[in-house]
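Report on one structure; see the data block that follows.
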Amino acid sequence: MTGEGARPRPLVAGNWKMNGRRSAIAEAKAVADALAARETPPRADILVCPPATLVMVMAEILKDAPLAIGAQDCHWVESGAHTGDLSAEILADAGASAIIVGHSERRAYHDETDLLVKSKQQAVHRAGLTAIVCIGETKGQRLAGQTIDVVVRQLERSLCDATTPENTVVAYEPVWAIGTGLTPTNADVADVHAAIRDRLVARFGEAGHAIRILYGGSVKPQNAKELMAVANVDGALVGGASLKAADFLGIIAAYE
């Protein structure tokens, strides 16, 4: 078990969102090939979450690569009359090893509540996969000085009691920084991640030290090394920059 003072093994996860057709697989393969060619692998796990249409084909193409494949969302039940939805079990069968749940875009545009996010986290666990649970505040909430309260409340309500370092990753993404090119200061990131860590330890005991906390929100090669060095930042959830091999490799380089 990872105790206080030690850091969990980092994770750099790419979220392609609603981008990427079959031609984009070449970018992921270029990342995998570059990682495989290195004499010393990065000190981090690497994950790419493409659109659901690409999960199976990418999982097959990259099955022996140092790069895992995940998914961006799932339904909370195993099967049934839910036209257009995909269960965690279906995504696991397609080759996903992890699923993002509670991304701010799902919360904002699909009215997903903390309770629904927790149900999806439990579904991911049920399928034997890792849940990447997203939390984060809006610009209005930050300006009102509510960042810590909002983030801790989302964390508490979105995580189930069965959360462990093995089945769950937390991703802090300030909503106002996603895709805008803006990032909080390193001190701001440190404060929020410290509050998240404190709450994880208070709720889950020693295991709370080992649950990975990712930072997301305009992470790019130019700022990755500095952000990844911040206390309690155990990796990154990367958006647009993960679609280009050179940019994603530049971020991964923070762990060389």
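Annotations
- Wholly within region 24-138, helices (runs of 4 or more DSSP H) carrying at least 2 residues that are free of Cβ contacts under 8 Å to residues at least 40 places away in the same chain: 25-37, 52-61, 88-94, 104-109
- Residues located in region 217-249, provided they are on the phi > 0 side of the Ramachandran plot and at pLDDT 95 or above: N232, G235
- Considering region 1-19, the residues that are touching a helix residue (DSSP H, G or I) at 6+ places or on another chain (Cβ under 7 Å) and modelled with pLDDT under 95 include one that is surrounded by the most Cβ atoms within 10 Å (Cβ to Cβ), namely T2.
- Of note, V169 does not satisfy the criterion of being over 19 Å from A108 (Cα atoms) and in a loop (DSSP other than H, G, I, E, B).
- Just so you know, in region 94-124 the residues that are of a type in the set (V, I, T) and crowded, with 19+ Cβ neighbours inside 10 Å include one that is nearest to the chain's Cα centre (by Cα), and it is I100.
- Residue satisfying condition, being farther than 13 Å from L129 by Cβ and buried (at least 20 other Cβ atoms within 10 Å of the Cβ), within set L35, L91, L54: L54
- Any hit, region 202-212, residues being farther than 23 Å from S97 by Cβ, touching a helix residue (DSSP H, G or I) at 6+ places or on another chain (Cβ under 7 Å) and crowded, with 23+ Cβ neighbours inside 10 Å: no
- When G250, G181 are screened for being in a loop (DSSP other than H, G, I, E, B) and over 16 Å from P8 (Cβ atoms), only G181 passes.
- Residues (farther than 20 Å from G239 by Cβ and buried (at least 18 other Cβ atoms within 10 Å of the Cβ)) located in region 168-190: T168
- Residues that are of a type in the set (A, V, I, L, M, F, W, C) and within 15 Å of the chain's Cα centre (by Cα) within region 197-223 comprise I211, I213, L214, V219, listed in sequence order.
The values are calculated or read from the model by the stated rules, or taken from the named source; none is laboratory data. The structure presented is a predicted model; accordingly, all values stated were derived computationally and were not measured. Quick reminder, even Gly has a Cβ in these numbers, built from the backbone with ideal geometry, and neighbours come from all protein chains shown.
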